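K.L.:
Here's a structure for you.
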């Protein structure tokens, strides 16, 4: 089995390191800069449970050095996929599966979904349908990513908590390609449940991201602080209820009540969301996949999103002023 991880940052690096250390697949990574050079020189180092191990991987800056793969794992942020299409193309053969590990609403959301919106392409995450056309939704295996990991230094990944990467075909079938990938991930010490309804799991994670991420960026607050404050908690809750109404119109099942989801976020503690971290580090903020796409789904389903609209306008303005955002 040939697997290429495109984007070997924190999540991609963790997955690649686990697979490489297990040694059961032909693994390669696409990386860049000092991170790439460190991987080439010393392997992909992983600190987990206080112990450092090293995985030997084939690493390249250009995907065309690696050849056609059985699986390509896209471990980029959503707004980086479109600009990388030319680089991804050499990895794709007739039977290559593409595992999408982006947060938020995926570009392939309406492929195999059935109903009146079947085949709809979302401008917020795939303007003009470029990703849909170039990668092809028939290749997709969806994934919801839970591990918390960090890049401590070039070539060095530190695992904080969590090992689950939920997988699922857009159609819901338990195909051979998704079950084979799950088996290899489990052999590497990861949890890789194959879901029959990956969209519902996408929404449960998105539910928190679409609300807590922009509120944290606007206020500079941690999850615990947002939940503890009556005003910001109410704002997050209103956003989540608007999103739930959209999801339910699309057939999504929310298996936990909104207040339990909010409590779970608060229980994480003094954690800064990824959007706040990007703002503080001067990186482009992941607004469209997490918030704009939900607004677009509201328009498509006829569901009003007044609170989402207001928070989106504010966080988008903040990001534009700081130079950390431009529409796709």
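The values are calculated or read from the model by the stated rules, or taken from the named source; none is laboratory data. In this text, all values refer to a predicted model and were calculated from it rather than measured experimentally. With ideal geometry, Cβ positions are generated from the backbone for all residues, glycine too; neighbour counts draw on all protein chains shown.
K.L.:
Out of 237, 261, 199, report the one residue that is under 26 Å from residue 299 (Cβ atoms), touching a residue at least 60 places away in the same chain (Cβ under 8 Å) and part of a helix (DSSP H, G or I).
P.N.:
199
K.L.:
Within the range 135-167, track down each residue that is surrounded by 16 or more Cβ atoms within 10 Å (Cβ to Cβ) and at positive phi.
P.N.:
Once the filter is applied, which keeps residues that are surrounded by 16 or more Cβ atoms within 10 Å (Cβ to Cβ) and at positive phi, the range 135-167 yields only 155.
K.L.:
Search the range 168-180 for residues being over 18 Å from the mean Cα position of the chain (by Cα) and in a helix (DSSP H, G or I), and hand back the single one that is farthest from residue 21 (Cα to Cα).
P.N.:
Filtering first and then ranking leaves 176.
K.L.:
Taking into account only those residues within the range 223-239 that are within 20 Å of residue 279 (Cα to Cα) and in contact with a helix residue (DSSP H, G or I) (Cβ under 7 Å, 6 or more places away or on another chain), which is surrounded by the most Cβ atoms within 10 Å (Cβ to Cβ)?
P.N.:
Result: 236.
K.L.:
Additional query: Tell me the residue from 293, 289 that is assigned by TED's automatic domain parsing to the domain that holds residue 212, in a helix (DSSP H, G or I) and under 22 Å from residue 221 (Cβ atoms), please.
P.N.:
One residue alone meets the criteria, 289.
K.L.:
Out of 75, 8, 31, I need the residue that is without any contact (Cβ under 8 Å) to a residue 40 or more places away in the chain, within 24 Å of residue 285 (Cα to Cα) and crowded, with 16+ Cβ neighbours inside 10 Å. Which one?
P.N.:
31
K.L.:
Keeping to the range 276-324, report how many residues are modelled with pLDDT under 95 and closer than 23 Å to residue 108 by Cβ.
P.N.:
Total meeting the criteria: 3.
K.L.:
Still on this model: In this structure, is residue 311 farther than 11 Å from residue 217 by Cβ and assigned by TED's automatic domain parsing to the domain that holds residue 222?
P.N.:
no
K.L.:
Let me ask you something else. Is one or more of the residues making up the range 47-61 crowded, with 18+ Cβ neighbours inside 10 Å and either under 21 Å from the mean Cα position of the chain (by Cα) or closer than 20 Å to residue 202 by Cα (or both)?
P.N.:
no
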